[in-house]
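Engineer: Could you have a look at this structure, given as structure tokens, before my questions?
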Amino acid sequence: QVQLVESGGDLVQAGGSLRLSCAASGSLFRVATMGWYRQSPGKQRELVATIRSDYSTNYADSVKGRFTISRDNAKNTVYLQMNSLKPEDTAVYYCNYQFAMLDYWGQGTQVTVSS
């Protein structure tokens with residue numbers, strides 16, 4: 001069982017920045033694909049960004065150029081740096097861990113961007 005603990009969500013004004021963190025338990029973090037997803041009320045959960053074990057990244061078009069995903073394998077932690085935040089970025093952000101048949105989710109952290 002992998003435990004994921006997210007932190008960093010907050011209320012911020014449009015144009016501001018936040019950094020989300022997700023700390024994972026276990027010894028397989030360095031080989032896992034880590035991702036951030038988000039879900040707004042009434043909408044489906046959507047991909048924000050992923051980072052693979054080789055550090056290659058993938059971003060949703062809506063966040064390209066504004067968000068950066070990174071990982072620190074020594075700390076078993078994945079980060080999401082969010083800049084130039086917009087009201088439409090308001091959502092619960094979830095951390096995801098995938099390796100082979102393993103697929104785990106964090107509890108989510110709320111990000112609210114005021115206009």
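The values are calculated or read from the model by the stated rules, or taken from the named source; none is laboratory data. Predicted model only: the values in this text are computed from it and were never measured. Here the Cβ is made from the backbone with ideal geometry for all residues, glycine too, and neighbour counts use every protein chain on show. Quick note on the areas: whole protein, heavy atoms, side chains included, nothing else; ligands and nucleic acids left out. Shrake-Rupley method; radii C 1.70, N 1.55, O 1.52, S 1.80 Å.
Engineer: Which members of the range 23-39 meet the condition of being farther than 16 Å from residue 91 by Cα and either free of Cβ contacts under 8 Å to residues at least 60 places away in the same chain or part of a strand (DSSP E or B) (or both)?
Structural biologist: 23, 24, 25, 26, 27, 30, 33, 34
Engineer: Moving on to the next point. May I ask you to say which residue of 21, 56 is at pLDDT 95 or above, of a type in the set (Ser, Thr, Tyr) and surrounded by fewer than 13 Cβ atoms within 10 Å (Cβ to Cβ)?
Structural biologist: 56
So that you can scan it fast, the table gives a plain yes or no per residue for (1) more than 22 Å from residue 84 (Cα to Cα); (2) surrounded by fewer than 18 Cβ atoms within 10 Å (Cβ to Cβ); (3) touching a Phe, Trp or Tyr at 6+ places or on another chain (Cβ under 6 Å):
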site	(1), (2), (3)
10	no, yes, no
17	no, yes, no
32	yes, no, yes
35	no, no, no
42	yes, yes, no
52	yes, yes, no
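Engineer: Would you check which residues across the range 19-30 are closer than 20 Å to residue 81 by Cβ and touching a strand residue (DSSP E or B) at 6+ places or on another chain (Cβ under 7 Å) and list them?
Structural biologist: 19, 20, 21, 22, 23, 24
Engineer: Taking only the range 88-106 into account, find how many residues are surrounded by 14 or more Cβ atoms within 10 Å (Cβ to Cβ) and either under 15 Å from residue 21 (Cα atoms) or aliphatic (A, V, I, L, M) (or both).
Structural biologist: 9
Engineer: Please enumerate the residues belonging to the range 66-87 that are more than 20 Å from residue 2 (Cα to Cα), surrounded by fewer than 19 Cβ atoms within 10 Å (Cβ to Cβ) and touching a strand residue (DSSP E or B) at 6+ places or on another chain (Cβ under 8 Å).
Structural biologist: Selection gives 66, 68, 81, 83, 86, 87.
Engineer: Another question, if that's okay. Within the range 1-19, count every residue that is assigned to a strand (DSSP E or B) and more than 17 Å from residue 88 (Cβ to Cβ).
Structural biologist: So the answer is 5.
Engineer: Going by the conditions given, is residue 61 closer than 23 Å to residue 2 by Cβ, open to solvent by 20 Å² or more (accessible area, probe 1.4 Å), of a type outside the set (A, V, I, L, M, F, W, C) and out of contact with any Gly (no Cβ under 6 Å at 6 or more places or on another chain)?
Structural biologist: no
Engineer: State all residues of the range 41-55 that are in contact with a helix residue (DSSP H, G or I) (Cβ under 8 Å, 6 or more places away or on another chain) and touching a residue at least 24 places away in the same chain (Cβ under 8 Å); if no residue qualifies, say none.
Structural biologist: none
Engineer: Which ones in the range 56-80 are of a type in the set (D, E, K, R) and either on the phi > 0 side of the Ramachandran plot or in contact (Cβ under 8 Å) with a residue 24 or more places away in the chain (or both)?
Structural biologist: Hits for the range 56-80 are 71, 75.
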